[in-house]
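Here the structure is laid out as structure tokens; the discussion comes afterwards.
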Amino acid sequence: MPLTFAAMYKTCFHLHTHFSDGSGSPEDFVEEALAEGFTHLGFSDHAPVPFENPWSLASAESDAYLAITEPLRNIYHTTLKVFRGLEADYIPGISYPFKQLREEYDTDYLIGSVHLVRPETGNALWFIDGSVEQEYFSGLTDLFGNDVKKAVSAFYHQQMEMVVNEKPDVLGHFDKITMHNKGRVFQEDEPWIVALQNELLELVKAHQVVVEVNTRGLYKGRHHTTYPSPALIRRCVELDIPLILSSDAHKPSEISGYYPQTMAMLEELGVKSLCVFENRHFTPVSIGEFLN
Ligand SMILES: [Zn+2]
Ligand SMILES: [Zn+2]
């Protein structure tokens, strides 16, 4: 049933509970969202992948995840609507098909993300999103022989392949590859990187994928701006690509991390609307109707 809100909108469609690598139960997040005046909250625990790891939803936990989130998304809160999504990894030849995940988890939406880059040869994966910076640089050396162009191209091409083959609803943290780089081995405005980003943006547009504005790097102090960068957000505006705002929270207290500053930045960048989730679709609403 669609909601008609008297309230201003406040959203987070990307968060992790203790079912993946976050802390806090789904109920804890709902409680915090209600206290902070959120109107839309979506769980997006890391979808299972076919190998052992400490960060994704374990297949053995799947039933519990479904059982606990199901009543929450069916409760009619007068001010808060709750959804069940997943943040699905795309690793060519390895990850589960998104269609299968959608069906098994009866999701409202899927966020497609690349955290692990698969080089053309070999089975080792480059973890670009780990908490240990050294892992990023040793992967660059061991898997790509320090060929930065090859490594960054592999990241963007993997996202392009994901958009075309798996059709996620949302593209997660578009330029996460910049997190550990910090301007050291490449500059984000180098023409060959801009060309890769433009190619990805064209596909995002063609396949009607929503781009998330993700504030996690900012409130964790790991990155100087949102994912994607202001330059990329500007290009999304030019191409009329729909945007959502999310914090990628890993605990309830993070759900609105850096929102006021990010809202101000988005308005400055000329963003006219952000999406909410209504009737099973991301739908743009004027940015003036969002809390900031
Ligand atoms: Zn992610
Ligand atoms: Zn995430």
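Miscellaneous remarks
- Sorting the segments 29-42, 278-291 by their mean number of nearby beta carbons within 10 angstrom, highest to lowest, gives 29-42, 278-291.
- Relative contact order of the range 11-289, defined on C-alpha pairs under 8 angstrom at six or more residues apart (%): 18 percent
- 17 Å Cα-Cα reach of Lys150 towards lysines, excluding residues that sit fewer than 8 places from it in its own chain: Lys176
- Order of Met8, Met265 under a 10 Å beta carbon neighbour criterion, fewest first: Met8, Met265
- Principal-axis tilt of helix 230-239 within the chain, Cα atoms, nearest 10 degrees: 70 degrees
- Subtracting the Cα-Cα distance of Asn198 and Glu278 from 0.36 nm times their residue separation leaves 25.9 nm of extension gain.
- Packing here is the average count of other Cβ atoms within 10 Å per residue, and on that basis the peptides 105-113, 157-165, highest first, run 105-113, 157-165.
- Summarising the strand pairing of the chain, around 30 percent of its internal DSSP beta bridges are antiparallel.
- Between 0 and 90°, nearest 10: helix 62-74 axis offset from the chain longest Cα axis: 40 degrees
- The range 218-292 - Rg over Rh from alpha carbon coordinates, Kirkwood radius: 0.95
- Compared with the dominant Cα axis of the chain, that is its longest principal axis, helix 259-268 is turned about 70°.
- For the range 51-91, alpha-carbon Rg and Dmax in angstrom: 13.2, 41
- The translational diffusion coefficient of the range 100-205, from Stokes-Einstein at 25 °C and 0.890 mPa s with a Kirkwood hydrodynamic radius over alpha carbon pairs, comes to 168 µm²/s.
- Among the listed pairs Lys81/Lys220; Lys99/Lys272; Lys81/Lys182; Lys81/Lys272; Lys99/Lys182, those beyond 30 Å (Cα-Cα): Lys99/Lys272; Lys81/Lys182; Lys99/Lys182
- Convex hull volume per residue in cubic angstrom - Cα atoms of the chain: 118 Å³
Every number here is computed from the coordinates shown, using simple stated rules; none is lab data. Bear in mind the structure is a predicted one, so any value in this text is a computation, not a measurement. Every residue, glycine among them, receives a Cβ derived from its backbone with ideal geometry; neighbour counts consider all protein chains shown.
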